[in-house]
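Asker: Have a look at the structure that comes next, please.
The values are calculated or read from the model by the stated rules, or taken from the named source; none is laboratory data. What you are looking at is a predicted structure, and each value in this text was computed from that prediction instead of being measured. For neighbour counting, all protein chains shown are included, and Cβ atoms are generated from backbone atoms with ideal geometry for every residue, glycine included.
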Amino acid sequence: MQYFLDVILPIRIERTFTYKITSEEAAALQKGMRVAVPFGKSKIYTAIAFHVHQNPPTAYEAKEIHEILDSHPVLVPTQIKFWQWIADYYMCTLGEVVRAGLPNALLLESETLILPKVLDKVPEGEFTDDEFLIVEALRHQSSLQIKDVADITDRKRVLPLINGLVEKGVVRLKEEIHEKYRPKTVKYIRLNPEYESETALQNLLETLTRAPKQSQAVLSYFSIYGQQKKPVGLTDFEKTSRISKSVIKALIEKSVFEAYELQTDRVVYEEGERKVRDIQLNPLQTKAIGDIQESFEKPRVCLLHGVTSSGKTEVYIKLIKKVIDSGKQVLYLLPEIALTTQLINRLKAYFGNTIAVYHSRYSYNERIEVWNNVLHQSEKAQVILGARSALFLPFSKLGLVVVDEEHEQSYKQFDPAPRYHARDAAIVLANLHGANCLLGSATPSIESYYNVKKGKYGIAEIPRRYGEVLMPEIELVDIKEAHRKKRMKGHFSERLLKAMETALEENEQIILFQNRRGFAPILECTTCGHAAQCPNCDVSLTLHQHREQLRCHYCGFHIPILQSCQACGSSTLDTKGFGTEQIQEELKHLFPDAKVGRMDLDTTRGKYSYDKLINAFEAQELDILVGTQMITKGLDFRNVGLVGIMNADSLLNFPDYRAHERSFQLLVQVAGRSGRTQKRGNVLVQTYNPYHQVLQQVSSYDYPKFFHDQVYEREQFKYPPGTKILRITLKDRDYNKLNEASDWFATSLRNVLKCTVLGPEYPAISRIRNQYLKNILIKFTTAEPVAKTKKSIKRVNQSFDAISNYRSVRVVYNVDHI
Ligand code: ADP
Ligand code: ZN
Ligand code: ZN
């Protein structure tokens with residue numbers, strides 16, 4: 001009887017792929033195990049076993065699998081269901097979810113290696129130019145990969161070329177699978193079981209009388225093993241018994257001792273440093289817990305709306321404790337950037353080694369370890385603290401998911417697929433496990449609050465800060481007036497400077513926020529108005545004074561600072577707008593004695609640079625911290641007395657239907673970094689338009705009014721949360737082809753869909769990395785289920801793919817969050 005296996009390949013193909021397997025393999029295979037399979041001409045992939053059956057595929061001849069890579073599944077059934085939901089809902093393939101979900105190290109890689117065989121087999125003159133290049137390269141390197149060959153020859157399709165050389169017997173191919181992950185192991189020794197009986201041992205010791213050191217070693221082993229009653233580590237043994245390596249080695253060679261290895265876990269936290277405080281919740285926190293638990297009884301989702309520094313984290317901790325005490329797992333999600341040692345340490349103080357951290361900045365091996373700990377429901381992974389990718393872990397008894405800072409836009413993954421939103425996916429994950437989900441924020445997203453209003457989520461509130469600390473006072477500073485009266489020093493109003501002086505005198509720290517990095521976003525010629533543009537993207541180059549460069553923030557293109565205008569040649573170049581670097585520069589002159597730090601993408605690239613800056617600020621080694629959004633993310637600084645927003649207008653005027661929501665959240669969050677202890681904090685917001693409704697709502701902390709206005713506006717224009725949307729982006733390097741293709745796509749959609757199709761339209765930035773972009777916007781109607789509409793769209797996409805002329809055009813789906 002012939003058996004077949006359907007597998008999920010970690011690539012962008014719509015369906016599972018079928019392979020031939022033996023009956024032994026069929027018996028051994030379980031859903032969720034990894035198998036190595038050949039695919040295409042010469043590729044080997046790691047695929048996930050999905051389904052064993054006996055129906056041969058009709059469209060192709062099934063190949064045999066190479067091998068089964070696991071003895072037990074590395075994925076669990078609920079997880080696979082969850083991944084399938086992600087693929088369906090976010091309109092990508094299951095393979096793309098596998099690629100994103102499984103740690104890279106578990107996805108074995110196949111690299112076709114090209115090795116020299118007999119390079120001189122063919123006289124040089126008979127090679128084509130390209131062949132000659134490859135042969136030359138192989139004289140200097142022992143092997144080449146496919147992509148090296150592509151680079152050397154500057155060609156994309158190199159397989160025929162390589163095949164030609166193989167046929168001529170000049171080179172040969174080597175398929176290599178690299179198992180990237182090697183679990184770290186420790187060497188142990190034990191006594192050969194032959195000597196377990198009393199008499200056998202007696203005999204052994206007698207034979208060793210001539211070798212007193214060896215007999216000493218055997219006796220030491222017994223005393224150590226007797227004391228610790230657990231495996232004896234080789235290094236430990238050497239140390240404790242003071243017996244030399246060579247003696248132990250001799251005994252191993254004689255088979256008196258046996259050496260073996262055990263896998264250890266690398267992620268070890270220092271025990272003993274735990275100083276568990278017994279936190280007594282205040283009445284507001286206690287009430288919140290009660291409300292949360294009540295809404296969990298369904299069980300369902302609850303939103304915890306608590307102002308900054310109201311003690312939400314303490315509430316999470318209490319709830320988490322309960323869940324792990326009941327033997328279940330907890331997932332605690334944070335936006336990537338907020339995963340600081342600050343919070344990790346705080347949680348470790350409570351949960352010690354039961355907490356594991358999962359984070360893209362962690363190494364392959366660290367991630368695999370957490371994966372395995374979750375898979376085996378180990379003690380070490382009862383609480384998982386992680387960024388969005390932690391959703392993909394193999395949970396099997398999840399009891400609670402906490403989504404902290406649920407409003408954060410960095411929960412949305414933009415590239416590559418799956419383009420999912422971690423908060424929304426977390427709710428689905430919790431649901432699949434019958435677990436509860438707690439969303440927390442001081443500035444809830446419009447969607448979540450809307451769902452509360454609709455009765456879909458429960459709500460708990462903590463309206464005041466812990467310890468009766470007052471909310472910081474937010475003052476709007478009109479800089480239009482100040483500019484007119486020439487009363488600005490650089491980008492600082494008199495009001496802000498004065499407040500800074502006072503704060504510094506009182507030894508308080510200051511945070512200054514500006515949402516752009518670099519020195520100035522534009523370097524413009526005041527004679528002709530020309531500004532230097534990126535040649536690859538449709539944006540101006542940003543001036544980075546310190547590096548003396550003009551840089552593109554989209555593709556990394558850079559040139560030295562220009563001395564004169566590229567268009568008219570005059571040297572009347574002036575900057576427009578300003579970024580964090582310029583603020584830092586101005587501070588040097590305004591406050592020469594102050595120690596100033598800067599936190600933005602440019603200063604936090606290294607693995608620990610972000611933590612270092614935070615630690616320095618926390619230790620008060622810095623007086624002033626200038627930064628972009630990064631400084632808003634849930635940091636808890638004790639000594640900040642003043643927060644300055646350099647310019648609120650650029651936030652509010654951003655061309656995006658969420659701009660007002662983001663401004664509100666950002667301003668309230670950054671304000672929340674100040675005055676977290678007894679003294680009331682101050683926040684100064686510089687703006688040209690202090691009467692802007694959103695700024696008014698920020699300064700009075702009027703969330704309800706803000707929510708009401710936003711929902712009203714969005715209902716007018718049919719945007720979420722009232723209307724579900726989908727953005728389809730088409731990309732191509734060829735401008736005309738893109739236009740034609742996107743017209744075809746939009747027209748076809750209009751023909752089959754019942755809902756509103758807008759576009760195609762160029763986005764604000766219509767070219768990035770030499771790819772032109774065009775958007776089509778779908779607004780779903782209630783007349784048809786969303787899933788059905790999505791299916792119709794996918795079918796249009798299939799017809800589109802069949803048009804050879806459009807083959808190069810990429811189609812990208814962003815569901816809900818654009
Ligand atoms: P949030 O997460 O809402 O911003 P935190 O949980 O960080 O607030 O709390 C702010 C500060 O107040 C922290 O330093 C925290 O340790 C302290 N805190 C909160 N609740 C309590 C409590 N019940 N007892 C003692 N300290 C508390
Ligand atoms: Zn000019
Ligand atoms: Zn660019």
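Asker: Go through LEU573, LEU550 for me and flag whichever is surrounded by 21 or more Cβ atoms within 10 Å (Cβ to Cβ), within 16 Å of ligand 2 (Cβ to nearest atom) and within 29 Å of PRO763 (Cα to Cα).
Answerer: So the residue among LEU573, LEU550 that is surrounded by 21 or more Cβ atoms within 10 Å (Cβ to Cβ), within 16 Å of ligand 2 (Cβ to nearest atom) and within 29 Å of PRO763 (Cα to Cα) is LEU550.
Asker: With the condition kept exactly as written, say whether any residue in the stretch 464-486 is within 16 Å of ligand 2 (Cβ to nearest atom), among the hydrophobic types (A, V, I, L, M, F, W, C) and over 30 Å from PRO444 (Cβ atoms).
Answerer: No - not one qualifying residue is present in the stretch 464-486.
Asker: Of all the residues that make up the stretch 507-538, how many are within 16 Å of ligand 2 (Cβ to nearest atom), part of a loop (DSSP other than H, G, I, E, B) and either under 19 Å from GLY627 (Cβ atoms) or not polar (S, T, N, Q) (or both)?
Answerer: Number of matching residues: 4.
Asker: Tell me yes or no: at least one residue of the stretch 579-602 is away from ligand 1 (no atom under 16 Å from the Cβ), more than 27 Å from LEU613 (Cβ to Cβ) and in contact with a strand residue (DSSP E or B) (Cβ under 8 Å, 6 or more places away or on another chain). Talk me through it step by step, then tell me what you get.
Answerer: Taking the stretch 579-602 and keeping what is away from ligand 1 (no atom under 16 Å from the Cβ), we get 579-602.
Those left that are additionally more than 27 Å from LEU613 (Cβ to Cβ): none.
No, the conditions are met nowhere in the stretch 579-602.
Asker: Which ranges mark the strands (runs of 3 or more DSSP E) fully within the stretch 539-633 that have 3 or more residues being in contact (Cβ under 8 Å) with a residue 40 or more places away in the chain, on the phi > 0 side of the Ramachandran plot and within 16 Å of ligand 3 (Cβ to nearest atom)? Working first, answer last.
Answerer: Details: elements: 542-544, 549-551, 558-560, 573-576, 596-599, 624-627.
Of the strands (runs of 3 or more DSSP E) lying wholly inside the stretch 539-633, none has at least 3 residues that are in contact (Cβ under 8 Å) with a residue 40 or more places away in the chain, on the phi > 0 side of the Ramachandran plot and within 16 Å of ligand 3 (Cβ to nearest atom).
Asker: Among the residues that make up the stretch 441-450, is at least one of them hydrophobic (A, V, I, L, M, F, W, C) and either at pLDDT 95 or above or within 16 Å of ligand 1 (Cβ to nearest atom) (or both)?
Answerer: yes
Asker: Failed condition for GLU475, given (1) part of a helix (DSSP H, G or I); (2) closer than 30 Å to GLU621 by Cα, with all others met?
Answerer: (1)
Asker: Here are some residues: VAL796, VAL786, VAL812. Which one is touching a Ser or Thr at 6+ places or on another chain (Cβ under 9 Å) and touching a residue at least 60 places away in the same chain (Cβ under 8 Å)?
Answerer: Residue meeting the stated conditions: VAL812.
Asker: Another question about this same structure. Being within 21 Å of LYS774 (Cβ to Cβ), buried (at least 16 other Cβ atoms within 10 Å of the Cβ) and within 30 Å of the chain's Cα centre (by Cα), is that true of even one residue in the stretch 706-719?
Answerer: Yes: the stretch 706-719 contains one or more residues that are within 21 Å of LYS774 (Cβ to Cβ), buried (at least 16 other Cβ atoms within 10 Å of the Cβ) and within 30 Å of the chain's Cα centre (by Cα).
Asker: Restricting the search to the stretch 790-814, which residues are of a type in the set (Ser, Thr, Tyr), outside any helix (DSSP H, G or I) and more than 19 Å from LYS754 (Cβ to Cβ)?
Answerer: SER808
Asker: Collect the residues in the stretch 315-349 that are surrounded by fewer than 20 Cβ atoms within 10 Å (Cβ to Cβ), in a helix (DSSP H, G or I) and not aliphatic (A, V, I, L, M), keeping them in residue-number order.
Answerer: LYS318, LYS321, LYS322, ASP325, GLU336, THR341, GLN342, ASN345, ARG346 - these are the residues of the stretch 315-349 that are surrounded by fewer than 20 Cβ atoms within 10 Å (Cβ to Cβ), in a helix (DSSP H, G or I) and not aliphatic (A, V, I, L, M).
Asker: Looking at this structure, is LEU590 within 16 Å of ligand 2 (Cβ to nearest atom) and under 22 Å from VAL626 (Cα atoms)?
Answerer: So LEU590 does not fit the description; no.
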